[in-house]
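The values are calculated or read from the model by the stated rules, or taken from the named source; none is laboratory data. None of the values given here were measured: they were computed from a predicted structure. Quick reminder, even Gly has a Cβ in these numbers, built from the backbone with ideal geometry, and neighbours come from all protein chains shown. Protein only, heavy atoms only, side chains kept; ligands, DNA and RNA dropped before computing areas. Shrake-Rupley method; radii C 1.70, N 1.55, O 1.52, S 1.80 Å.
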Amino acid sequence: MDLKSQINLDALPKHIAVIMDGNGRWAKQHGKPRVFGHRNGVKSVREVTEAAAELGVQYVTLYAFSTENWNRPQLEVTALMTLLVETLRKEINTLNKNNIRLKAIGDLKKLPSKTYKALLEGIENTKNNSRMTLVLALNYSAKWDILQATRKLADAVAQQELNSESIDETVFSNALSTQGIPDPELMIRTSGEARISNFLLWQLAYAELYFSPIFWPEFRKANLYEAIIDFQRRERRFGKTSEQLIKS
Ligand code: FPP
């Protein structure tokens, strides 16, 4: 039986988050500069987006640029930002054809103005699409997200618009940049690294974590299917015992 038909379409993760890792090492293996890895990584972005939409996954979040990534060599940062603008402009039609809505999370205003503009255009041009939402995490870090939510809530308390007693999980979730997006049920990280690296710390509280040894530029539809099949084999207990799950 092929991989795709082993997937139970009634038990798909609603939201898959991905840490796309290993571009640099893949490029090195091929004797090329790191940017070559990022360029080839775009192919994998396309494959994963298309495969997820075909299956019926509702949200895919891709960690495209972390707050920490500014510390990379200037040349690489500039190349990544240029690649983002190019890719956004090129792929908007494809997103529209496939009825996919683009969103972004992160400290977006601090992106170079060209990248920021291309991003806003992409979001605006796809805002009415409804089959799947592709969320790009850009200049994102989970600690930044938690801090900006805390500041927002503290301001609301100071303005007496909010009572601190009423801050519960729902109120806090709604102050995060992922407001309105269900928490990821599956988080995939490629390239054999087994860390969360400041990605969606609050939102990943109950996610299944899947670590693939494959470098991101080689990640294909079949690899996504494998991750989903693995996810569906796991028992998700949310703090309950196996016996409680059988009864409910
Ligand atoms: C991690 O590999 C990858 C990134 C920091 C950038 C990912 C960006 C893309 C795939 C291109 C643009 C994406 C979109 C969504 C249009 P790494 O450089 O950390 O690899 P290494 O760990 O081997 O050095």
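For this structure, a couple of remarks:
- Residues in the stretch 144-156 that are open to solvent by 50 Å² or more (accessible area, probe 1.4 Å) and either of a type outside the set (Gly, Ala, Ser) or farther than 22 Å from residue 108 by Cα (or both): 144, 146, 147, 150, 151, 152, 155.
- Number of positions in the stretch 33-60 that are among the acidic types (Asp, Glu) and within 14 Å of the ligand (Cβ to nearest atom): 2
- Candidate set: the stretch 20-32, residues that are within 10 Å of the ligand (Cβ to nearest atom), charged (D, E, K, R) and within 17 Å of residue 77 (Cα to Cα); chosen: the one most open to solvent (accessible area, probe 1.4 Å): 25
- You will find that of 188, 181, the residue that is away from the ligand (no atom under 16 Å from the Cβ) and in contact (Cβ under 8 Å) with a residue 24 or more places away in the chain is 181 and no other.
- Of all residues in the stretch 62-82, those satisfying the criterion of being near the ligand (Cβ under 10 Å from one of its atoms) and within 29 Å of residue 182 (Cβ to Cβ) are 62, 63, 64, 65, 66, 68, 69, 80.
- Residues of the stretch 41-68 classified as touching a His at 6+ places or on another chain (Cβ under 9 Å) and open to solvent by 20 Å² or more (accessible area, probe 1.4 Å), total: 2
- The stretch 42-55 residues that are within 15 Å of residue 187 (Cα to Cα), paired with ones that are open to solvent by less than 40 Å² (accessible area, probe 1.4 Å) and within 13 Å of the ligand (Cβ to nearest atom) (beta carbon under 6 Å, 6 or more apart): 49/134; 52/60
- Only one of 52, 17 that is assigned to a helix (DSSP H, G or I) and more than 15 Å from residue 76 (Cβ to Cβ): 52
- Filtered residues of the stretch 5-19 (kept if under 27 Å from residue 180 (Cα atoms) and either away from the ligand (no atom under 16 Å from the Cβ) or among the acidic types (Asp, Glu) (or both)): 7, 8, 9, 10, 11, 12, 13, 14, 15
- The set of residues from the stretch 96-110 being without any contact (Cβ under 8 Å) to a residue 40 or more places away in the chain and either within 17 Å of the chain's Cα centre (by Cα) or under 23 Å from residue 200 (Cβ atoms) (or both) comprises 101, 102, 104, 108, 109, 110.
- Answer from 156, 137 - the residue that is near the ligand (Cβ under 10 Å from one of its atoms) and modelled with pLDDT of 95 or more: 137
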